[in-house]
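The structure appears below as structure tokens.
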Amino acid sequence: MGITFPRFGTSHVAIGNLLKWMGHDVIKPPDITEKTISLGTKNSPELACFPLKITTGSFIEALDSGADSILMAGGVGPCRFGYYGYLQKGALTQMGYKFDSFIIEPPSRHPKQAYHTIKSLKKKTPWHTVMKYVYIVLTKQKYIDKMHKLVLETAPKEVGEIKSFKLFNEFVQKVEPVREVKSLKEIYQHYADKLYKFQKVTPKVKIKLLGEIYLVCEPAANLYIEKKLAALGVEVQRTIYLGEWFDGHVVKDIIPILKEKETEKTAKSYLSQMVGGHGQETVAQTVQASQQGFDGVIQVYPFTCTPEILAQGIITKVSKDKKIPVLTLSMDEHSAQAGIDTRLEAFVDLIYQKKLQNERGEALWVMGS
Ligand code: SF4
């Protein structure tokens with residue numbers, strides 16, 4: 001008996017802590033495997049978004065392990081995320097599962113609903129203690145994100161077997177039970193010192209990884225793209241991190257005066273409207289990548305993701321205008337490791353050759369021309 005929630009990058013640490021500290025038994029969502037994806041695919045509409053299928057599979061596995069409650073985020077806006085929780089509740093109930101469902105709608109749009117859901121989730125924990133817990137888990141998430149950024153920097157600089165990702169997993173396990181911010185800082189420094197020692201060679205190229213949030217942040221959904229790129233000698237800069245996302249999309253949504261207009265401004269000449277998901281960010285960040293010295297951009301998104309499909313058409317133009325190579329990977333349950341790896345290898349090889357040509361001052365060629 002216990003509560004579960006969707007598997008999504010490293011968020012299980014913060015969400016699991018918060019629920020546990022508020023007095024819940026937590027059934028952590030299991031690691032995503034082929035079985036998870038196959039269970040979710042079998043029990044979701046065929047054209048549903050890939051993240052919905054994965055999280056449905058993950059809920060089935062957690063319910064089979066004894067979960068009796070599900071926590072899910074709601075959403076508003078021109079894409080399908082807001083329906084996930086309700087669709088999943090219907091599908092799982094039809095399959096015969098009995099459980100309580102907690103769907104937290106965005107507090108800025110549905111404050112009453114969000115308040116009542118959080119109130120029932122917090123049980124008898126006083127509000128000021130809840131705030132303290134939120135502060136600790138957010139700080140923890142930010143240290144995890146900071147460590148992840150460092151790993152993406154050090155992994156391609158390693159010689160031989162890459163150890164950075166292993167150390168990252170160790171770091172996440174170490175910080176999971178921690179409740180004091182001071183200890184988080186000390187553990188971070190200990191692991192950062194270890195990672196800095198790995199820096200032996202210069203990465204071949206630097207790539208920006210962007211697209212739909214779930215595919216960018218969940219390694220099992222993007223077929224471990226960061227590891228593959230590191231092995232190819234690529235320094236990756238990921239555009240979405242969960243701590244920053246929470247600040248930008250939850251906190252700043254509640255206090256709009258804090259919102260920066262950078263994305264809208266940068267994307268404006270190509271896409272002047274919010275199109276749902278991270279579509280507008282994808283366009284803005286591709287424009288920025290061309291100004292920030294990146295050698296290329298990789299866009300990952302779930303097959304059928306409308307905001308990213310729209311953005312893809314636009315970034316093809318940005319790629320030509322700004323002469324920045326772009327590779328688009330649309331993924332779903334049929335995507336295979338070998339196919340993705342081959343495309344990554346070819347893309348990295350092409351942009352590396354282009355970089356060498358540029359350095360030697362030879363004639364430029366443009367990707368896709
Ligand atoms: S952003 Fe894309 S994948 Fe995510 S819910 Fe919206 S349409 Fe689906």
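General observations
- Total charge dipole magnitude, region 261-369, about the Cα centre, Cβ charges on Lys, Arg, Asp, Glu only, Debye to nearest 20: 520 debye
- Carbon and sulfur %, accessible surface of region 83-171 computed with the full protein complex present, 1.4 Å: 60 percent
- Distance in nm between pseudo-label sites at A220 and Q357 (7 Å out along the Cβ direction from Cα): 4.1 nm
- Three-way shape label, region 104-159, alpha-carbon gyration tensor, a/c 1.5: prolate
- Cβ crowding within 10 Å averaged over residues, with 217-225, 132-140, 334-342 ranked highest first: 217-225, 132-140, 334-342
- Summed side-chain charge close to M274 - residues other than M274 whose Cβ falls under 11 Å, Lys, Arg +1, Asp, Glu -1: -2
- Structural descriptor for region 1-149: relative contact order 26 percent, calculated from alpha carbon pairs under 8 angstrom and at least 6 residues apart.
- Of all aspartates and glutamates in the structure, those lying under 14 Å Cα to Cα from K146, and not within fewer than 8 positions of it along the same chain, are E186, D193, E244.
- Apolar share of the accessible surface for region 193-248: 55 percent from carbon plus sulfur atoms, 1.4 Å probe.
- Assigned charges on the beta-carbon of Lys, Arg, Asp, Glu; the chain dipole about Cα centre (debye): 880 debye
- Residue-averaged [θ]222 nm for the chain, counting only DSSP H segments that reach four residues, each worth -39500 (n - 2.57): -16000 deg cm²/dmol
- Seen against the Cα atoms of the chain and their longest principal axis, helix 84-94 is set at about 50 degrees.
- Dimensions (Å) - region 44-127, Cα atoms, principal axes, largest first: 40, 35, 17
- Averaged per residue, the chain has 49 square angstrom of accessible surface, using a 1.4 angstrom probe with ligands and nucleic acids left out.
- Annotation for region 290-369: GluC sites (Glu not before Pro) lying in DSSP loop with at most 12 further Cβ atoms inside 10 Å of their Cβ are E362.
- Against the chain, whose longest principal axis is taken from its Cα atoms, helix 337-360 shows a tilt of about 40°.
- Largest to smallest principal axis extent of the C-alpha atoms in region 1-156, angstrom: 47, 40, 35
- Relative to one another, the C-alpha centroids of region 336-359 and region 295-309 are positioned 18 Å apart.
- Hz values of 3J(HN,Hα) by residue in region 122-137 - Karplus curve (6.51, -1.76, 1.60), Gly and Pro given as x: 6, 6, 9, 5, x, 4, 5, 6, 4, 4, 5, 4, 4, 4, 5, 5
- Projecting the Cα atoms of I254, L350, L242 onto the charge dipole of region 203-369 (Cβ charges, centred on the Cα centre) puts L350 farthest toward the positive pole.
- Unsatisfied cross-links (Cα-Cα over 27 Å) in the set K122/K261; K197/K227; K252/K317: K122/K261; K252/K317
The values are calculated or read from the model by the stated rules, or taken from the named source; none is laboratory data. Computed from a predicted structure; not experimentally measured. Here Cβ is always computed from backbone atoms with ideal geometry, including for glycine, and neighbour counts include all displayed protein chains. Just so you know, the surface numbers come from the protein's heavy atoms only, side chains and all, with ligands and any DNA or RNA stripped out. Shrake-Rupley method; radii C 1.70, N 1.55, O 1.52, S 1.80 Å.
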